[in-house]
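First the structure, in the form of C-alpha coordinates, and then the observations on it.
The values are calculated or read from the model by the stated rules, or taken from the named source; none is laboratory data. Please read all numbers here as calculations on a predicted model, not as lab measurements. Note: ideal-geometry Cβ built from the backbone for every residue, glycine included; neighbour counts use all protein chains shown. Note: accessible area is taken over every heavy atom of the protein model, side chains too, but ligands, DNA and RNA are not part of it. Shrake-Rupley method; radii C 1.70, N 1.55, O 1.52, S 1.80 Å.
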Amino acid sequence: KAGVTQTPRYLIKTRGQQVTLSCSPISGHRSVSWYQQTPGQGLQFLFEYFSETQRNKGNFPGRFSGRQFSNSRSEMNVSTLELGDSALYLCASSFGTQNNSPLHFGNGTRLTVT
Amino acid sequence: EDQVTQSPEALRLQEGESSSLNCSYTVSGLRGLFWYRQDPGKGPEFLFTLYSAGEEKEKERLKATLTKKESFLHITAPKPEDSATYLCAVSGPDKLIFGTGTRLQVFP
(Lines give C-alpha, C1' and ligand atoms only; values in the text may rest on other atoms or scores of the structure.)
Protein backbone atom coordinates (compact mmCIF):
# COMPACT_ATOMS: atom_id res chain seq x y z
CA LYS A 1 0.00 0.00 0.00
CA ALA A 2 1.47 3.35 -1.00
CA GLY A 3 2.16 5.78 1.83
CA VAL A 4 1.33 9.45 2.14
CA THR A 5 2.92 11.49 -0.64
CA GLN A 6 3.76 15.16 -0.29
CA THR A 7 4.95 17.41 -3.09
CA PRO A 8 7.17 19.21 -3.51
CA ARG A 9 9.83 18.04 -1.05
CA TYR A 10 11.63 21.38 -0.98
CA LEU A 11 10.56 24.94 -1.73
CA ILE A 12 12.36 28.25 -1.57
CA LYS A 13 10.15 31.34 -1.69
CA THR A 14 10.52 35.06 -1.11
CA ARG A 15 8.67 37.09 1.50
CA GLY A 16 5.28 38.21 0.24
CA GLN A 17 4.84 35.34 -2.20
CA GLN A 18 2.30 32.58 -1.82
CA VAL A 19 2.77 28.82 -1.92
CA THR A 20 0.63 25.72 -2.41
CA LEU A 21 1.60 22.33 -0.96
CA SER A 22 0.03 19.07 -2.01
CA CYS A 23 -0.75 15.85 -0.15
CA SER A 24 -2.00 12.48 -1.42
CA PRO A 25 -3.26 10.31 1.45
CA ILE A 26 -3.20 6.56 1.80
CA SER A 27 -5.94 4.98 -0.28
CA GLY A 28 -9.13 4.62 1.79
CA HIS A 29 -8.18 7.27 4.34
CA ARG A 30 -10.74 10.05 4.57
CA SER A 31 -8.99 12.35 7.04
CA VAL A 32 -6.04 14.58 6.17
CA SER A 33 -4.32 16.71 8.79
CA TRP A 34 -1.61 19.33 8.33
CA TYR A 35 1.12 20.20 10.81
CA GLN A 36 3.94 22.73 10.95
CA GLN A 37 7.16 21.50 12.53
CA THR A 38 9.94 23.80 13.72
CA PRO A 39 12.87 23.06 16.06
CA GLY A 40 11.58 25.43 18.72
CA GLN A 41 7.84 24.71 18.64
CA GLY A 42 7.61 21.06 17.69
CA LEU A 43 4.53 19.87 15.84
CA GLN A 44 1.84 22.54 15.62
CA PHE A 45 -1.61 21.61 14.30
CA LEU A 46 -2.84 23.61 11.32
CA PHE A 47 -6.10 21.97 10.26
CA GLU A 48 -7.89 18.70 9.62
CA TYR A 49 -10.16 17.81 6.74
CA PHE A 50 -12.55 14.88 6.80
CA SER A 51 -14.63 14.00 3.73
CA GLU A 52 -13.94 17.42 2.18
CA THR A 53 -15.03 19.38 5.28
CA GLN A 54 -12.72 21.25 7.60
CA ARG A 55 -13.25 19.53 10.90
CA ASN A 56 -10.80 21.40 13.08
CA LYS A 57 -8.42 24.33 12.88
CA GLY A 58 -5.36 25.31 14.90
CA ASN A 59 -4.24 28.77 16.01
CA PHE A 60 -2.73 30.02 12.79
CA PRO A 61 -3.54 33.24 10.94
CA GLY A 62 -5.94 33.32 8.02
CA ARG A 63 -2.98 33.36 5.61
CA PHE A 64 -2.94 29.59 6.10
CA SER A 65 -5.75 27.80 4.34
CA GLY A 66 -6.49 24.38 2.96
CA ARG A 67 -8.94 22.24 1.16
CA GLN A 68 -9.70 18.60 0.43
CA PHE A 69 -10.95 17.17 -2.82
CA SER A 70 -13.45 14.38 -3.41
CA ASN A 71 -10.61 11.87 -3.90
CA SER A 72 -9.29 12.85 -0.40
CA ARG A 73 -6.23 14.58 -1.81
CA SER A 74 -5.51 17.83 0.02
CA GLU A 75 -3.76 21.12 -0.62
CA MET A 76 -2.51 23.73 1.78
CA ASN A 77 -1.95 27.35 0.79
CA VAL A 78 0.04 30.04 2.54
CA SER A 79 -0.33 33.59 1.26
CA THR A 80 1.88 36.61 1.89
CA LEU A 81 4.76 34.52 3.16
CA GLU A 82 6.77 35.69 6.17
CA LEU A 83 10.26 34.65 7.26
CA GLY A 84 8.71 32.87 10.26
CA ASP A 85 6.80 30.54 7.95
CA SER A 86 10.03 28.66 7.20
CA ALA A 87 9.39 25.16 8.52
CA LEU A 88 8.74 21.53 7.67
CA TYR A 89 5.08 21.10 6.71
CA LEU A 90 3.77 17.63 7.36
CA CYS A 91 0.62 16.05 6.07
CA ALA A 92 -0.89 13.00 7.75
CA SER A 93 -3.79 10.79 6.78
CA SER A 94 -5.92 8.51 8.92
CA PHE A 95 -8.87 6.21 8.41
CA GLY A 96 -10.90 7.94 11.12
CA THR A 97 -10.51 11.40 12.58
CA GLN A 98 -7.09 12.41 13.89
CA ASN A 99 -8.01 12.09 17.57
CA ASN A 100 -9.38 8.54 17.12
CA SER A 101 -6.97 6.91 14.69
CA PRO A 102 -3.21 6.65 14.28
CA LEU A 103 -1.78 9.20 11.87
CA HIS A 104 0.32 8.18 8.89
CA PHE A 105 2.68 10.98 7.94
CA GLY A 106 4.32 11.91 4.70
CA ASN A 107 7.95 13.03 4.68
CA GLY A 108 6.98 16.67 4.49
CA THR A 109 7.67 19.75 2.42
CA ARG A 110 10.62 21.82 3.62
CA LEU A 111 9.70 25.48 3.01
CA THR A 112 12.36 28.17 3.21
CA VAL A 113 11.27 31.81 3.03
CA THR A 114 14.01 34.35 2.24
CA GLU B 1 -5.20 23.64 30.22
CA ASP B 2 -4.52 20.51 28.16
CA GLN B 3 -0.82 19.84 27.71
CA VAL B 4 1.77 17.18 27.02
CA THR B 5 5.32 17.22 28.41
CA GLN B 6 8.06 14.82 27.37
CA SER B 7 11.26 14.18 29.29
CA PRO B 8 14.15 14.13 28.97
CA GLU B 9 14.60 16.38 25.94
CA ALA B 10 17.66 14.38 24.90
CA LEU B 11 19.09 11.05 25.98
CA ARG B 12 22.41 9.42 25.14
CA LEU B 13 22.74 5.70 25.75
CA GLN B 14 25.42 3.10 25.23
CA GLU B 15 24.31 0.17 23.10
CA GLY B 16 22.61 -2.34 25.41
CA GLU B 17 21.90 0.24 28.13
CA SER B 18 18.14 0.10 28.82
CA SER B 19 16.18 3.23 29.75
CA SER B 20 12.74 4.88 29.71
CA LEU B 21 11.24 7.96 28.10
CA ASN B 22 8.42 9.83 29.84
CA CYS B 23 5.27 11.50 28.51
CA SER B 24 3.22 13.37 31.13
CA TYR B 25 -0.18 14.72 30.17
CA THR B 26 -3.21 16.60 31.35
CA VAL B 27 -6.25 16.31 29.11
CA SER B 28 -9.97 16.19 29.72
CA GLY B 29 -11.52 12.98 28.52
CA LEU B 30 -8.52 11.00 27.26
CA ARG B 31 -9.36 9.18 24.04
CA GLY B 32 -5.94 7.68 23.48
CA LEU B 33 -2.17 8.18 23.68
CA PHE B 34 0.02 7.64 20.63
CA TRP B 35 3.76 7.08 20.32
CA TYR B 36 5.67 7.95 17.15
CA ARG B 37 9.26 7.67 16.02
CA GLN B 38 10.78 10.33 13.76
CA ASP B 39 14.06 9.96 11.87
CA PRO B 40 15.89 13.04 10.54
CA GLY B 41 14.37 14.34 7.31
CA LYS B 42 11.32 12.09 7.57
CA GLY B 43 7.79 12.28 8.91
CA PRO B 44 6.85 10.60 12.19
CA GLU B 45 6.16 6.88 12.04
CA PHE B 46 3.38 5.40 14.16
CA LEU B 47 4.46 2.96 16.90
CA PHE B 48 1.67 2.38 19.46
CA THR B 49 -1.76 3.43 20.64
CA LEU B 50 -2.74 3.09 24.31
CA TYR B 51 -6.32 3.67 25.40
CA SER B 52 -6.64 3.06 29.12
CA ALA B 53 -4.56 3.05 32.31
CA GLY B 54 -2.77 -0.24 32.81
CA GLU B 55 -2.52 -1.03 29.12
CA GLU B 56 0.83 -2.13 27.68
CA LYS B 57 2.04 -2.62 24.09
CA GLU B 58 5.31 -4.14 22.87
CA LYS B 59 7.24 -4.11 19.62
CA GLU B 60 10.73 -5.53 19.39
CA ARG B 61 12.85 -3.65 21.95
CA LEU B 62 10.12 -1.11 22.74
CA LYS B 63 7.40 -1.35 25.36
CA ALA B 64 4.83 1.38 26.04
CA THR B 65 2.82 1.67 29.25
CA LEU B 66 0.06 4.03 30.36
CA THR B 67 -1.15 5.39 33.69
CA LYS B 68 -3.76 8.08 34.38
CA LYS B 69 -1.14 10.82 34.28
CA GLU B 70 1.75 9.58 32.15
CA SER B 71 3.09 7.09 29.69
CA PHE B 72 6.50 5.47 29.53
CA LEU B 73 8.34 4.16 26.51
CA HIS B 74 10.81 1.56 27.75
CA ILE B 75 13.74 0.69 25.50
CA THR B 76 15.43 -2.61 26.33
CA ALA B 77 18.99 -3.24 25.17
CA PRO B 78 18.88 -0.48 22.53
CA LYS B 79 20.86 -0.60 19.31
CA PRO B 80 22.25 2.32 17.26
CA GLU B 81 19.36 1.96 14.81
CA ASP B 82 16.98 2.93 17.62
CA SER B 83 18.43 6.45 17.47
CA ALA B 84 15.59 8.83 16.59
CA THR B 85 13.24 11.39 18.11
CA TYR B 86 10.31 9.81 19.93
CA LEU B 87 7.08 11.78 20.06
CA CYS B 88 3.98 11.19 22.09
CA ALA B 89 0.55 12.62 21.29
CA VAL B 90 -2.53 12.72 23.47
CA SER B 91 -6.06 12.88 22.12
CA GLY B 92 -9.09 14.37 23.80
CA PRO B 93 -12.66 14.65 22.55
CA ASP B 94 -11.82 17.27 19.94
CA LYS B 95 -8.08 17.68 19.79
CA LEU B 96 -4.74 15.94 19.42
CA ILE B 97 -1.73 17.44 21.20
CA PHE B 98 1.87 16.48 20.47
CA GLY B 99 4.76 16.68 22.90
CA THR B 100 8.05 18.18 21.75
CA GLY B 101 9.80 14.81 21.75
CA THR B 102 12.82 13.07 23.22
CA ARG B 103 15.87 12.86 21.00
CA LEU B 104 17.54 9.49 21.61
CA GLN B 105 21.09 8.71 20.55
CA VAL B 106 22.47 5.19 21.00
CA PHE B 107 26.22 4.74 20.65
CA PRO B 108 27.98 1.45 19.80
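Key figures for this structure:
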| quantity | calculated |
| --- | --- |
| Segment B:Glu9-B:Glu81, length gained on full extension (0.36 nm per residue, minus Cα span) | 24.0 nm |
| Spin-label pair A:Thr5/B:Ala53, simplified geometry with 7 Å Cα→Cβ offset, distance in nm | 4.6 |
| Rounded, prolate or oblate (a/c below 1.5 giving rounded, otherwise prolate when a/b exceeds b/c) for chain B by Cα gyration tensor | prolate |
| Within 10 Å of each Cβ in A:92-103, the average number of Cβ atoms from other chains | 5 |
| 5 angstrom amide H check on A:Thr38, placed H, neighbours 5+ away | A:Gln44 |
| Heavy-atom accessible surface that A and B bury in contact, both chains counted, 1.4 Å, Å² to 100 | 1400 |
| For chain A, diffusion coefficient by Stokes-Einstein and Kirkwood Rh (Cα), 37 °C, 0.692 mPa s, µm²/s | 236 |
| Global form of segment B:22-77, assessed from the alpha-carbon gyration tensor, a/c cut-off 1.5 | oblate |
| C-alpha center-to-center spacing [segment B:31-54, segment A:2-73] in angstrom | 20 |
| If the convex hull is drawn through the Cα atoms of the protein assembly as shown, its volume per residue in Å³ | 122 |
| Å² of accessible area per residue within chain B, as computed with a 1.4 Å probe and no ligands counted | 50 |
